[in-house]
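The values are calculated or read from the model by the stated rules, or taken from the named source; none is laboratory data. Just so it is clear, the structure is predicted and the values come from calculations on it, not from any experiment. Here Cβ is always computed from backbone atoms with ideal geometry, including for glycine, and neighbour counts include all displayed protein chains.
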């Protein structure tokens with residue numbers, strides 16, 4: 001959509017804003033709004049949390065418009081705490097949160113609500129439209145963060161004295177509402193497109209997961225099997241495992257302990273917070289083994305190895321498995337391609353060396369499959385939900401369907417090729433999403449700073 005500029009402009013006097021339409025006027029933020037702080041009612045008094053008044057916290061600040069909240073409080077909670085009630089149409093801003101490192105969550109409420117201490121409430125005057133200001137904040141976040149963020153604080157927060165003294169260059173309220181209505185319509189279109197593309201990504205990922213699970217348990221599709229000189233549509237037999245359906249008759253079910261010739265745990269010394277050069281010592285980070293890929297560059301430089309310590313280094317064909325991580329990533333695996341004598345395997349990774357009749361890539365693909373992940377998730381243990389661990393006994397006890405070596409290699413090669421195609425499609429869709437989001441941000445910025453005139457495009 002090509003939109004015209006306004007007929008005449010004037011300097012705003014603000015470096016990041018530049019020229020603004022001639023009829024727009026500067027108004028201080030503090031003149032346009034009345035500001036209110038919030039609080040949290042006592043969590044030990046259950047009756048205070050049994051009301052109908054929405055109570056906004058940071059977890060509710062995920063959209064530009066808030067119609068309801070996760071938590072609700074009673075009128076008595078308002079009387080007994082430092083929270084306050086704000087009328088519909090009020091502007092809310094996150095005042096304290098780690099998210100303020102890169103963005104300023106802001107929203108408009110559609111009904112009366114209370115707020116907690118991490119939210120600042122701004123009740124608008126008749127000269128400003130809250131929705132317009134939400135868009136203004138979203139479209140100019142880097143500049144406003146530089147102005148408003150408190151420097152040197154241990155917790156990221158905004159300095160509202162700086163907020164109040166910031167000049168907003170605004171048209172009159174009817175034009176503000178027109179711009180907001182235009183942006184509602186156009187960003188809504190973009191958001192719907194993005195949502196459809198995200199759905200496509202999820203379908204592609206589901207297809208990828210199904211492809212891997214089907215192939216490592218039933219073998220290659222008939223056409224691919226024929227090309228590889230392997231049996232097509234082989235007869236099946238029961239796997240004898242509760243969690244595994246029938247498998248090809250000529251396959252076996254094997255425990256990992258029968259396939260592993262060595263299982264070693266790495267070593268994690270104190271290292272530097274920067275990566276090592278190729279010819280320097282470096283301790284691998286957990287991300288070095290990720291979704292079937294090995295990333296030797298993901299490491300921390302190590303000055304030296306203490307006397308008496310013999311570190312484990314990755315060699316070609318080694319299967320690396322994450323022994324400790326978050327629940328979604330524990331058990332992540334990859335096969336090393338090439339030798340890396342200067343890269344040290346850390347304590348949080350296992351190194352598995354396999355029998356000669358075992359293809360490491362096939363085993364890795366099984367661990368990445370739904371059935372592999374199910375075993376991993378069943379065994380992962382931890383005192384917190386954020387970090388879980390796998391013992392060597394768990395790894396040795398895992399089972400997998402086991403075809404002959406040539407078929408293992410063919411399956412691994414097939415999955416390399418077919419998943420790469422799906423990953424490329426996902427990458428293209430993600431690029432399209434990024435372009436749409438960039439367009440969305442640019443459109444918002446241009447509209448709320450007066451670089452484009454949208455008045456004739458509002459119906």
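Assess whether residue 235 counts as being farther than 30 Å from residue 429 by Cβ and loosely packed, with under 13 Cβ neighbours inside 10 Å. Yes; evaluated as a whole, the condition is true for this residue.
In summary, residue 207 fulfils each of the numbered conditions (1) touching a strand residue (DSSP E or B) at 6+ places or on another chain (Cβ under 6 Å); (2) over 30 Å from residue 28 (Cβ atoms) with the single exception of condition (1). Scanning the stretch 424-452 for residues that are touching a residue at least 12 places away in the same chain (Cβ under 8 Å) and either surrounded by fewer than 14 Cβ atoms within 10 Å (Cβ to Cβ) or touching a strand residue (DSSP E or B) at 6+ places or on another chain (Cβ under 8 Å) (or both) turns up 430, 437, 449, 450. The residue pairs whose first member lies in the stretch 25-46 and is farther than 30 Å from residue 128 by Cα, whose second member is assigned to a strand (DSSP E or B) and modelled with pLDDT of 95 or more, and whose beta carbons are closer than 9 Å, counting only pairs six or more residues apart or on different chains, are 41/55; 41/73; 41/114. Is it the case that residue 117 is farther than 21 Å from residue 187 by Cβ, out of contact with any strand residue (DSSP E or B) (no Cβ under 6 Å at 6 or more places or on another chain), in the same structural domain as residue 52 (by TED's automatic domain parsing) and without any contact (Cβ under 8 Å) to a residue 12 or more places away in the chain? So residue 117 does not fit the description; no. In this structure, is residue 188 farther than 20 Å from residue 405 by Cβ and exposed (fewer than 13 other Cβ atoms within 10 Å of the Cβ)? Criteria met by residue 188.
Matching residues to (1) more than 17 Å from residue 446 (Cα to Cα); (2) not assigned by TED's automatic domain parsing to the domain that holds residue 31:
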{"residue": "156", "(1), (2)": "yes, no"}
{"residue": "159", "(1), (2)": "yes, no"}
{"residue": "162", "(1), (2)": "yes, no"}
{"residue": "178", "(1), (2)": "no, yes"}
{"residue": "195", "(1), (2)": "yes, yes"}
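With respect to the conditions (1) surrounded by 15 or more Cβ atoms within 10 Å (Cβ to Cβ); (2) within 27 Å of the chain's Cα centre (by Cα), residue 121 falls short on a single one, namely (2). The set of residues in the stretch 124-150 that are more than 23 Å from residue 179 (Cα to Cα) and crowded, with 20+ Cβ neighbours inside 10 Å contains only 148.
Of the strands (runs of 3 or more DSSP E) lying entirely inside the stretch 350-459, those carrying at least 3 residues that are modelled with pLDDT under 95, under 29 Å from the mean Cα position of the chain (by Cα) and not assigned by TED's automatic domain parsing to the domain that holds residue 136 are 381-384, 387-389. Does the stretch 72-94 include one or more residues that are surrounded by 15 or more Cβ atoms within 10 Å (Cβ to Cβ), free of Cβ contacts under 8 Å to residues at least 24 places away in the same chain and in a strand (DSSP E or B)? Checking the stretch 72-94: at least one residue is surrounded by 15 or more Cβ atoms within 10 Å (Cβ to Cβ), free of Cβ contacts under 8 Å to residues at least 24 places away in the same chain and in a strand (DSSP E or B). Residues that are part of a loop (DSSP other than H, G, I, E, B) and at positive phi within the stretch 290-305 comprise just one, 291.
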